[in-house]
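K.L.:
Supplied in structure tokens, the structure appears directly below.
The values are calculated or read from the model by the stated rules, or taken from the named source; none is laboratory data. The shown structure was predicted, so the numbers you read here are calculated from the model rather than taken from an experiment. Counting neighbours? That spans all protein chains shown, and the Cβs are built from the backbone with ideal geometry, glycine included. Please note that ligands, DNA and RNA were not included when accessible areas were found on the heavy atoms of the full protein model with its side chains. Shrake-Rupley method; radii C 1.70, N 1.55, O 1.52, S 1.80 Å.
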Amino acid sequence: MKKKNYVSLVMGTVGGVLFALGMCMALLPEWNAFTQGIVIGAAGAVILLAMLMVRRKIDGKPAVKLNGKAAAAVALGVFGALVLGAGMCLVMVYDMLLPGTAAGMVGILLLLALIPICRGVE
């Protein structure tokens, strides 16, 4: 296994686990750990962002430059994730199956639209 893949594996696993655990702590009222969950989730997000920078550095690529196309991809990705999450909330929390499913499908389509957009972003 190459060094860059091993570093990405370790940082991605640690960051993903911390982020997921933090979100569980923040969103499950039974755990009664909202503030601690936000801190742990933020730490996981920071590790995941650091992984992106470390991976690019190991590959010898320059830092990510945010041009118009990259900014549009980021905005579309954030909006698609929010729409997908809203659809999931409608289904699981508010028992609104049809509107939630429709919103979730729209979110998935928005996220799928990222594939051709991101192919040209370096």
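K.L.:
Quickly estimate the mean residue ellipticity at 222 nm for the chain, helices only: each DSSP H run with n ≥ 4 gives -39500 (n - 2.57), and the total goes over all residues, rounded to 500. Write out the running numbers ahead of the final one.
P.N.:
On the way: 5 runs with 97 residues, N = 122.
-27000 deg cm²/dmol, from helical runs alone.
K.L.:
May I pose another question? Which three extents, in whole angstrom, do the alpha-carbon atoms of segment 57-122 cover along their principal axes, largest first?
P.N.:
49, 21, 16
K.L.:
Identify the residues of segment 70-86 with backbone N under 18 Å of a label point that sits 7 angstrom from the Cα of Leu48 along the Cα-to-Cβ direction, or state none.
P.N.:
The answer is 73-86, whose backbone nitrogens lie closer than 18 Å to the label point.
K.L.:
At 0.36 nm per residue, and after removing the present C-alpha to C-alpha distance, how many nm does the segment from Leu27 to Arg56 gain when stretched out fully? Please report the intermediate quantities before stating the final value.
P.N.:
Details: separation 29, 0.36 × 29 = 10.44 nm, distance 3.28 nm.
Fully extending the segment from Leu27 to Arg56 adds 7.2 nm.
K.L.:
Now for a different question. Separation between the Ile38 and Leu82 pseudo-spin-labels, each 7 Å from Cα along Cα→Cβ, expressed in nm?
P.N.:
Calculated label separation equals 1.8 nm.
K.L.:
Return one whole number: the accessible area per residue of the chain in Å², for a 1.4 Å probe. All intermediate terms of the calculation are to be shown ahead of the outcome.
P.N.:
On the way: 8590 Å² over 122 residues.
Result: 70 Å² per residue.
K.L.:
Ok, one more. Once you put a point 7 Å from the Cα of Val14 and another 7 Å from the Cα of Ile108, both along the Cβ direction, what distance in nm separates them?
P.N.:
With each label point 7 Å from Cα toward Cβ, the separation is 3.5 nm.
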